[in-house]
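Q: Would you mind keeping the following structure in view while I ask a few things?
The values are calculated or read from the model by the stated rules, or taken from the named source; none is laboratory data. Everything quoted here is computed from the prediction, not taken from an experiment. Cβ: placed from backbone, ideal geometry, glycine included. Neighbour counts: every protein chain shown.
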Amino acid sequence: MDDFFSFLAPLEWVVANIMVAFHTGLTWLGLQSSSGAAWALSIVGLVVVIRMLLIPLFVKQIKASRAMQIIAPDLKKIQAKYKGKKDQASREAMSRETMELYSKHKTNPFASCLPILVQAPIFFALFRVLNYRVRDGLDGEGIGWLTPQLAEEANQATLFGAQLSDTFLQSEGATVKIVAAVLIITMVATTFLTQRQLTRKNMPKSALEGPMAQQQKVLLYALPFIFVISGPYFPIGVLIYWTTTNLWTMGQQFYVIRRNPTPGSEAEKAWKARQEAKAARKGITIGDDQETEEDQTPEQPRGQRPQPKRNKKRKK
């Protein structure tokens, strides 16, 4: 199994170093080195670093998602054009026209999955660091700045009575199971709300119908269900990581949807209503503070500076 996941070794090194860097900073600020809070916040710091690095991919994801929503009616026309045609020529023509549509709008359905695909190896790298390196020990060899002493310290650190390397299934006592269950429920709920926020509020009505909408609905319920099944196998530290990254995504999406919504979506209607209310408030303020056109004299047009008159000298 270790040989199979050997390609994750560089990512494990990066993950371990980022965690140790944040842990060092937190202990310098006054937290105890062996406390669970210091190591849990180090995982939160890891999320912040990873998500800041992924901001360009997030922007690309938003653009790809909007482009897919814009071309949804055209995709429906292509699908209706070749509906019921099973011959090879029709399938090739449908595929060719679909790819031409993607190329024209410079998008594809996989671009919206980039952040998740990029985060998956980091997720597994953190899983291995907590589940194998920290819990089982480093056998006298460190991973970058993560020395065997720090690994043992992280293994013994507890958060609300649960070690960061504990899992719901591989633990004894009710305390660990309660902490793990709360984190699993929070992780599943934030995953569902994140997907629902993106599909319900920031998609036009045209994109809520057809095969694309069905795929979004499947994804809306499939991801939380997967985490319900796999969550009990995740260490506490991994649950903290995934819950934190979900909260980051929710906040990031809320900011983007509120300030730059997709045309035709419910978010755009709310944005227009806010802009109209803001303009109305500004209009009232401007009308009270500034002069109207009727109050200004014709000899002094608005915005024109009056010219000074030169006095004529008396002739002696």
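Q: I'm trying to understand the selection: among the residues of region 210-267, which are buried (at least 17 other Cβ atoms within 10 Å of the Cβ), among the hydroxyl-bearing types (Ser, Thr, Tyr) and either in a helix (DSSP H, G or I) or modelled with pLDDT of 85 or more (or both)?
A: TYR241, THR243, THR244, THR245, THR249
Q: Okay, next question. For the list (1) part of a helix (DSSP H, G or I); (2) closer than 17 Å to VAL20 by Cα; (3) not polar (S, T, N, Q), I need the number of the one condition that GLU141 fails.
A: Here GLU141 meets the rest and fails (1).
Q: Okay, moving on. Scan region 138-155 for residues that are surrounded by 14 or more Cβ atoms within 10 Å (Cβ to Cβ) and either at pLDDT 80 or above or closer than 14 Å to SER34 by Cβ (or both) and jot them down.
A: Here is the first cut: in region 138-155, the residues surrounded by 14 or more Cβ atoms within 10 Å (Cβ to Cβ) are 138, 142-148, 150-155.
Matches in region 138-155: ILE143, GLY144, TRP145, LEU146, THR147, PRO148, LEU150, ALA151, GLU152, GLU153, ALA154, ASN155.
Q: Considering only region 162-204, state which residues are outside any helix (DSSP H, G or I), farther than 22 Å from ARG128 by Cα and of a type outside the set (A, V, I, L, M, F, W, C). It would help to see each step written out before you state the result.
A: Initial filter on region 162-204 (outside any helix (DSSP H, G or I)): 162-173, 201-204.
Checking the rest, the ones that are also farther than 22 Å from ARG128 by Cα come to 173, 201-204.
Residues satisfying the conditions are GLY173, LYS201, ASN202, PRO204.
Q: Please state which one of ILE55, ILE70 is exposed (fewer than 14 other Cβ atoms within 10 Å of the Cβ) and within 23 Å of ARG259 (Cα to Cα).
A: On the way: ILE70 fails: exposed (fewer than 14 other Cβ atoms within 10 Å of the Cβ).
ILE55 is the lone residue from the list that is exposed (fewer than 14 other Cβ atoms within 10 Å of the Cβ) and within 23 Å of ARG259 (Cα to Cα).
Q: Does region 275-283 contain any residue that is at pLDDT below 50, loosely packed, with under 14 Cβ neighbours inside 10 Å and of a type in the set (Asp, Glu)? Don't jump to the end; show me each part of the working.
A: Looking only at region 275-283, we keep the residues that are at pLDDT below 50, and these are none.
Checked against the condition, which is being at pLDDT below 50, loosely packed, with under 14 Cβ neighbours inside 10 Å and of a type in the set (Asp, Glu), region 275-283 yields no hits at all.
Q: Using beta carbons and a limit of 8 Å, which pairs, at least six apart or on different chains, have the first residue in region 117-135 and farther than 15 Å from ILE240 by Cα and the second one of a type in the set (Val, Ile, Thr)?
A: Close Cβ pairs satisfying both conditions: ARG133/ILE143.
Q: Would a scan of region 78-88 turn up a residue that is within 29 Å of the chain's Cα centre (by Cα), touching a residue at least 12 places away in the same chain (Cβ under 8 Å) and in a loop (DSSP other than H, G, I, E, B)? Walk me through it before giving the result.
A: Let us first name the residues in region 78-88 that are within 29 Å of the chain's Cα centre (by Cα), namely none.
Among the residues of region 78-88, not one is within 29 Å of the chain's Cα centre (by Cα), touching a residue at least 12 places away in the same chain (Cβ under 8 Å) and in a loop (DSSP other than H, G, I, E, B), which makes the answer no.
Q: Got a number for residues in region 144-157 being touching a residue at least 24 places away in the same chain (Cβ under 8 Å), hydrophobic (A, V, I, L, M, F, W, C) and either touching a Lys or Arg at 6+ places or on another chain (Cβ under 8 Å) or assigned to a helix (DSSP H, G or I) (or both)? Quick ask: steps written out before the conclusion?
A: Here is the first cut: in region 144-157, the ones touching a residue at least 24 places away in the same chain (Cβ under 8 Å) are 144-146, 150, 153-154, 156-157.
Subsequent filtering for residues that are hydrophobic (A, V, I, L, M, F, W, C) retains 145-146, 150, 154, 157.
Next, only the ones that are either touching a Lys or Arg at 6+ places or on another chain (Cβ under 8 Å) or assigned to a helix (DSSP H, G or I) (or both) stay: 146, 150, 154.
Matching residues across region 144-157 total 3.
Q: Mind checking which pairs have a first residue in region 226-254 that is free of Cβ contacts under 8 Å to residues at least 12 places away in the same chain and a second that is surrounded by 20 or more Cβ atoms within 10 Å (Cβ to Cβ) and among the hydrophobic types (A, V, I, L, M, F, W, C), Cβ under 6 Å, 6 or more apart or different chains?
A: none
Q: Go through ALA9, ALA37, ALA16, ALA72 for me and flag whichever is touching a strand residue (DSSP E or B) at 6+ places or on another chain (Cβ under 6 Å) and not acidic (Asp, Glu). Show your work before the answer.
A: Numbers: ALA9 fails: touching a strand residue (DSSP E or B) at 6+ places or on another chain (Cβ under 6 Å); ALA37 fails: touching a strand residue (DSSP E or B) at 6+ places or on another chain (Cβ under 6 Å); ALA72 fails: touching a strand residue (DSSP E or B) at 6+ places or on another chain (Cβ under 6 Å).
On inspection, the qualifying residue turns out to be ALA16.
Q: Something else about it: Could you list, ordered by first residue, the pairs with Cβ atoms under 8 Å in which the first is in region 270-281 and closer than 12 Å to ASN260 by Cα and the second is surrounded by fewer than 10 Cβ atoms within 10 Å (Cβ to Cβ) and of a type outside the set (Phe, Trp, Tyr), at least 6 apart or interchain?
A: Listed by first residue and then by second, the contacts come to TRP271/ARG259.
Q: Take LEU41 and tell me if it is surrounded by 16 or more Cβ atoms within 10 Å (Cβ to Cβ) and in a helix (DSSP H, G or I). Quick ask: steps written out before the conclusion?
A: Working: surrounded by 16 or more Cβ atoms within 10 Å (Cβ to Cβ): yes; in a helix (DSSP H, G or I): yes.
When the stated conditions are applied, LEU41 passes them.
Q: Could you grab me the full set of residues in region 22-38 that are in a helix (DSSP H, G or I) and surrounded by 16 or more Cβ atoms within 10 Å (Cβ to Cβ)?
A: So in region 22-38, the residues in a helix (DSSP H, G or I) come out as 22-28, 36-38.
Listed by number, the residues that qualify are PHE22, HIS23, LEU26, GLY36, ALA38.
Q: Considering each residue of region 158-172, count those that are free of Cβ contacts under 8 Å to residues at least 12 places away in the same chain and under 20 Å from SER35 (Cα atoms), and give that number.
A: 1
Q: Considering every residue within region 289-303, establish whether at least one is of a type in the set (Val, Ile, Thr) and modelled with pLDDT of 55 or more. If you could, list the steps in order and put the result at the bottom.
A: First, the residues of region 289-303 that are of a type in the set (Val, Ile, Thr): 292, 297.
Checking the rest, the ones that are also modelled with pLDDT of 55 or more come to none.
No; the residues of region 289-303 include none that is of a type in the set (Val, Ile, Thr) and modelled with pLDDT of 55 or more.
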